[in-house]
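The values are calculated or read from the model by the stated rules, or taken from the named source; none is laboratory data. Computed from a predicted structure; not experimentally measured. Cβ atoms come from the backbone with ideal geometry, glycine included; neighbour counts cover every protein chain shown. The area values use the complete protein model at the heavy-atom level, side chains included, leaving out ligands, DNA and RNA. Shrake-Rupley method; radii C 1.70, N 1.55, O 1.52, S 1.80 Å.
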Amino acid sequence: RVLSSSHHLRSSRSLILPASRGFHSSSPTRSDALSQHVNEAHNNSALPFDFTDENYEEAKRIMAKYPPQYKQSASIPLLDLAQRQVGGWLPISAMDKVAKILGIPPMSVYEVASFYTMFNRTKVGKFHVQVCCTTPCMIRGAYDVLSACEKHLGVETGHMTKDEMFTLSEVECLGACVNAPMMQINDDFYEDLTPETAVAVLDKLRKGEQPKIGPQIPNRRAADGPMGKTTLLEEPSGPYCRPL
């Protein structure tokens, strides 16, 4: 007896057991933690924001790089300038000030600030600890580093410590894959981490000390391999595209 193809297919399906698989859900990054602005006592349009005199001069230098009809192109560097002045995050009043300076609708600035994860629309601590957990870092132990940071700081990923000293975030690739696992704290990279060396970096920052930036293993310079530098041992002969 020949079974019809549809009957055979139904019978085959009945023999297939559903596969069980666990999924890891990443915490939202600080920039898109909120899909829309929510007024808070420390973050609402009624609170004034203005650039310092020094930063106003810097803003003028930035805008001078762009033709007048393309002033909007200065949105990213001006938002970065504002975020640094505030202390690592962007209140809505700072975004409104950038829009006013550029002569564009505030929504145009909100779109930029909510798209790029470099902009933090919620308050962060003095040290923003961003642990990379993309594939190269993940297979080199990034989640062990992240767990050690959580345990040491006493907060879950995506939260700030009570003393507002640290904010801990899980982020995607930071471009230092050859030094995995790594984390970025404010503007600095700390690479080739273990849970122990990551905690040591945090401890030094809490004490007001400056940890060694870059690889946290002995005798490694930047991204050199285990044998050290093996090529490009002489000064480049030129021509140069820019001053070295």
Considering every residue within the range 165-186, establish whether at least one is under 17 Å from the mean Cα position of the chain (by Cα), farther than 30 Å from Ile62 by Cα, free of Cβ contacts under 8 Å to residues at least 24 places away in the same chain and in a loop (DSSP other than H, G, I, E, B). no
Taking the stated definitions as given, is Lys162 in a helix (DSSP H, G or I), open to solvent by 40 Å² or more (accessible area, probe 1.4 Å) and without any contact (Cβ under 8 Å) to a residue 24 or more places away in the chain? no
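Scan the range 93-113 and give yes if some residue there is of a type in the set (A, V, I, L, M, F, W, C), open to solvent by 70 Å² or more (accessible area, probe 1.4 Å), part of a helix (DSSP H, G or I) and farther than 25 Å from Phe166 by Cβ, otherwise no. Spell out how you get there, then give the answer.
The first filter runs over the range 93-113 and keeps only residues of a type in the set (A, V, I, L, M, F, W, C), leaving 94-95, 98-99, 101-102, 104, 107, 109, 112-113.
Imposing the further condition that a residue be open to solvent by 70 Å² or more (accessible area, probe 1.4 Å) reduces the set to 107.
If we keep only those that are part of a helix (DSSP H, G or I) as well, we get 107.
If we keep only those that are farther than 25 Å from Phe166 by Cβ as well, we get 107.
Within the range 93-113, one or more residues are of a type in the set (A, V, I, L, M, F, W, C), open to solvent by 70 Å² or more (accessible area, probe 1.4 Å), part of a helix (DSSP H, G or I) and farther than 25 Å from Phe166 by Cβ.
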Cβ pairs under 7 Å, 6+ apart or interchain, first in the range 55-69 and on the phi < 0 side of the Ramachandran plot, second of a type in the set (S, T, N, Q) and part of a helix (DSSP H, G or I), ordered by first then second residue, are Asn55/Gln85; Tyr66/Ser73
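Only one residue in Arg121, Arg84 is without any contact (Cβ under 8 Å) to a residue 60 or more places away in the chain and either assigned to a loop (DSSP other than H, G, I, E, B) or open to solvent by 10 Å² or more (accessible area, probe 1.4 Å) (or both). Which one? Before the answer, list the steps.
Values: Arg121 fails: without any contact (Cβ under 8 Å) to a residue 60 or more places away in the chain.
Result: Arg84 is the single residue among Arg121, Arg84 that is without any contact (Cβ under 8 Å) to a residue 60 or more places away in the chain and either assigned to a loop (DSSP other than H, G, I, E, B) or open to solvent by 10 Å² or more (accessible area, probe 1.4 Å) (or both).
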